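For reference, the structure is listed below as structure tokens.
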Amino acid sequence: MRRSGQGRPGRRQDRRNGKRDALAYGFRAIARRTPADNDVVAVIDGDSIVPPDLIQKCAGFFQLDPAVGALTTDELSEVRGSRIFQEWYALRFAQRHTLMSSMGYSERVLTLTGRMAMFRASIICNPEFIRQVELDYIDHWRLGRFKFLTGDDKSSWFWLLRNGYKMLYVPDIVVLTVEDPPSENFVSAAAMLMVRWFGNMLRTNSRALALGPRRIGLFTWWAILDQRMSMWTSIVGFVVALLAGIFVSGYALLLYALWILTSRYVLTLSLLASRPRVSVFYPFLLYFNQIFGSLVKVHVTFRLDRQKWTRQKTTSATKAAKRPLIASNFMSAYMHSLSLAAFVTVLAWGMNVLPTPRAFLFFHNTSDADLETVR
């Protein structure tokens, strides 16, 4: 089943839900053909180029194990852009291959990529599955109920995860994807793409985490929890080095820079296990992805209802005037700023560059006898 690419909306698409409506339409068309139990359906983006033996090498997994609900494969990219974009995409796909190969051992990958994912036909024809892909939503404690516009692959992934299906990774099948960055400016394009990618991940993260380790397996559950924690832990070193450089010694920044260059160079070499070559750009791009990506994740965490396709005009159109104060853009910015301030404050206290509050010192240094005297 072919579907249109991100920048090529199909003729039957509904402007409200973009690809979700198109997918639901296609799934219902397949269901009317009543496929057999062992039939499979491949959902492929219009800008993906699949190998001719894709079905031959992948369909057998569904026949060998009835619990297999879906699978995805390795990917390479053909980028229409400058050298920095080509290296950035190559790095991302190399990291993806490493992560997916690891998660594949748990038989529950963390995403069923929209570029090419193969499903058991009986799942595609399930009305509940179709409904989830077409009209997915979450109830957020602050933002209320809002529908998902982007991230249809995360909706299908969550349905399979919740219903106990295995999701496999086939590393020796490679799908070539044609990537067209949304902007000629690297930082601007990376920001737009990260907002969409990380938004899709974070909107599904909390409900996947709520399934619990007994239901989805401890390793998978911990990997999902790590998605939530790593956005903060990844910037600890940067913030600590910055505080140390300002309040302790300027040499702290130099030592931190040396550590980053050394450690990212080692990480770059480790990617040779996934790809035959690495680039001199990789250490710098790894650090960019870590710091800039974490800041984008934190930003999106407080604005989960804000959704936009990279190139399509499908957006979340809720007007700020119709929203209560707790769900307003002002409150999102306020909570975001407060969280960052608390994060930096805790690190500063831990480094002893920020005075400890007197009330805490009083209770910390006062003995039980002194407390009795105060009483």
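The values are calculated or read from the model by the stated rules, or taken from the named source; none is laboratory data. Just so it is clear, the model here is predicted, and its values are computed rather than measured. With ideal geometry, Cβ positions are generated from the backbone for all residues, glycine too; neighbour counts draw on all protein chains shown. These area figures cover heavy atoms from the full protein model, side chains too; ligands, DNA and RNA do not enter into them. Shrake-Rupley method; radii C 1.70, N 1.55, O 1.52, S 1.80 Å.
With respect to the numbered conditions (1) of a type outside the set (V, I, T); (2) modelled with pLDDT of 95 or more; (3) open to solvent by 70 Å² or more (accessible area, probe 1.4 Å), which one is the sole condition not fulfilled by Q56?
Going through (1) of a type outside the set (V, I, T); (2) modelled with pLDDT of 95 or more; (3) open to solvent by 70 Å² or more (accessible area, probe 1.4 Å) one by one, Q56 breaks only (2).
Can you tell me which residue is nearest to R108 (Cα to Cα) among those in the stretch 38-93 that are in a helix (DSSP H, G or I) and of a type in the set (S, T, N, Q)?
Q63
Tell me, which residue of the stretch 74-85 that is open to solvent by less than 60 Å² (accessible area, probe 1.4 Å) and out of contact with any helix residue (DSSP H, G or I) (no Cβ under 7 Å at 6 or more places or on another chain) is modelled with the lowest pLDDT?
Step by step, filter the stretch 74-85, then rank; the result is G81.
When both residues are 6+ apart or on different chains and their Cβ atoms are under 6 Å apart, which pairs have a first residue that lies in the stretch 272-294 and is in contact (Cβ under 8 Å) with a residue 12 or more places away in the chain and more than 17 Å from Y256 (Cα to Cα), and a second that is outside any helix (DSSP H, G or I) and open to solvent by 30 Å² or more (accessible area, probe 1.4 Å)?
S294/S234
Results for (1) outside any loop (DSSP other than H, G, I, E, B); (2) modelled with pLDDT of 90 or more; (3) among the small types (G, A, S); (4) farther than 23 Å from W232 by Cβ, shown as yes or no for each residue.
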site	(1), (2), (3), (4)
L286	yes, yes, no, no
S294	yes, yes, yes, no
V298	yes, yes, no, no
D305	no, yes, no, no
R311	no, no, no, yes
A317	no, no, yes, yes
A321	yes, no, yes, yes
S332	yes, yes, yes, no
H336	yes, yes, no, no
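Does R228 satisfy the condition of being in contact with a helix residue (DSSP H, G or I) (Cβ under 9 Å, 6 or more places away or on another chain), surrounded by 14 or more Cβ atoms within 10 Å (Cβ to Cβ) and charged (D, E, K, R)?
yes
Yes or no, residue by residue, for (1) more than 21 Å from L304 (Cβ to Cβ); (2) in contact with a strand residue (DSSP E or B) (Cβ under 8 Å, 6 or more places away or on another chain):
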{"site": "G212", "(1), (2)": "yes, no"}
{"site": "T220", "(1), (2)": "yes, yes"}
{"site": "A223", "(1), (2)": "no, no"}
{"site": "D226", "(1), (2)": "no, no"}
{"site": "M229", "(1), (2)": "no, no"}
{"site": "V239", "(1), (2)": "yes, no"}
{"site": "A244", "(1), (2)": "yes, no"}
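With respect to the numbered conditions (1) open to solvent by less than 40 Å² (accessible area, probe 1.4 Å); (2) more than 22 Å from the chain's Cα centre (by Cα); (3) modelled with pLDDT of 95 or more, which one is the sole condition not fulfilled by S328?
It is condition (3) that S328 fails.
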